[in-house]
Amino acid sequence: MLNVGSLNEGIVLDHIKAGKSMDIYKYLGLDKLDCQVAIIKNARSNKMGRKDIIKIEGSLDLVDLDILGFIDHDITVNIIRNSEICEKKELSLPHTIKNVLKCKNPRCISTIEQELDQIFILADEEKEVYRCKYCEEKYDNIQV
Ligand SMILES: [Zn+2]
């Protein structure tokens, strides 16, 4: 059973691959939020050996679950209310990713027109391949 500690209301991201918590912290923009965030690194896990955990105080809309699913859909999202886990959310690969990835094609319209949203669409779910919506440039080997 996960110890949620002093968290009364918030989100616990569990089963993060050991060493990945700081990347997730950055990707989710948690450094820009005022809420309390606790990062636990190298926690012992029966399933994974070592894992990272992030605890965030506040409501679920602080966290973009699409981005999280894109980074690692094996992360468990626990919703905490009244100091207890009231809900677990399954993550999946998002169908579209907006303004997270940048197209590498220098001739792509999204590179030229700066005000356009950077949109990538899931092209191959099994191989986790995303392609630029505008020029179909591939973005694979997800590494964060
Ligand atoms: Zn493109």
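The values are calculated or read from the model by the stated rules, or taken from the named source; none is laboratory data. Being a predicted model, the structure only gives us computed values, none of them experimental. Don't worry about glycine lacking a Cβ; one is built from the backbone with ideal geometry, like all the others, and counts go over all protein chains shown. Side chains included, ligands, DNA and RNA excluded: accessible areas come from the protein's heavy atoms. Shrake-Rupley method; radii C 1.70, N 1.55, O 1.52, S 1.80 Å.
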Please name all residue pairs, on different chains or six or more residues apart, with Cβ atoms under 7 Å, provided the first residue is in segment 114-129 and is over 17 Å from ILE71 (Cβ atoms) and the second residue is hydrophobic (A, V, I, L, M, F, W, C) and surrounded by 11 or more Cβ atoms within 10 Å (Cβ to Cβ).
-> LEU116/ILE109; ALA123/VAL129
Residues of segment 104-135 being more than 23 Å from ILE24 (Cβ to Cβ) and surrounded by 13 or more Cβ atoms within 10 Å (Cβ to Cβ), in sequence order, are ASN105, CYS108, ILE109, SER110, THR111, LEU116, ALA123, ARG131, CYS132, LYS133, TYR134, CYS135
If a residue has to be under 21 Å from the mean Cα position of the chain (by Cα), among the hydroxyl-bearing types (Ser, Thr, Tyr) and farther than 23 Å from HIS15 by Cβ to count, how many in segment 91-129 make the cut?
-> 1
Filter result (open to solvent by 20 Å² or more (accessible area, probe 1.4 Å) and either modelled with pLDDT under 85 or closer than 14 Å to ASP34 by Cα (or both)) within segment 48-70 = LYS55, GLU57, GLY58, SER59, LEU60, ASP61, LEU62
For segment 72-114 the number of residues that are over 17 Å from GLU128 (Cα atoms) and of a type in the set (Ser, Thr, Tyr) is 4
So which of ASP52, ASP74 ends up being part of a loop (DSSP other than H, G, I, E, B) and closer than 16 Å to LYS20 by Cβ?
-> ASP74
Do you know which of the residues in segment 100-134 that are assigned to a loop (DSSP other than H, G, I, E, B) and among the polar types (S, T, N, Q) is farthest from the ligand (Cβ to nearest atom)?
-> GLN114
Please state which one of HIS73, HIS95 is surrounded by fewer than 17 Cβ atoms within 10 Å (Cβ to Cβ), closer than 29 Å to VAL37 by Cα, away from the ligand (no atom under 15 Å from the Cβ) and at pLDDT 90 or above.
-> HIS95
Take ILE85 and decide whether it is under 21 Å from LYS51 (Cβ atoms), touching a helix residue (DSSP H, G or I) at 6+ places or on another chain (Cβ under 8 Å) and assigned by TED's automatic domain parsing to the domain that holds ASP64.
-> no
Are any residues in segment 29-45 open to solvent by 80 Å² or more (accessible area, probe 1.4 Å) and part of a strand (DSSP E or B), and if so, which ones?
-> LYS41, ASN42, ARG44
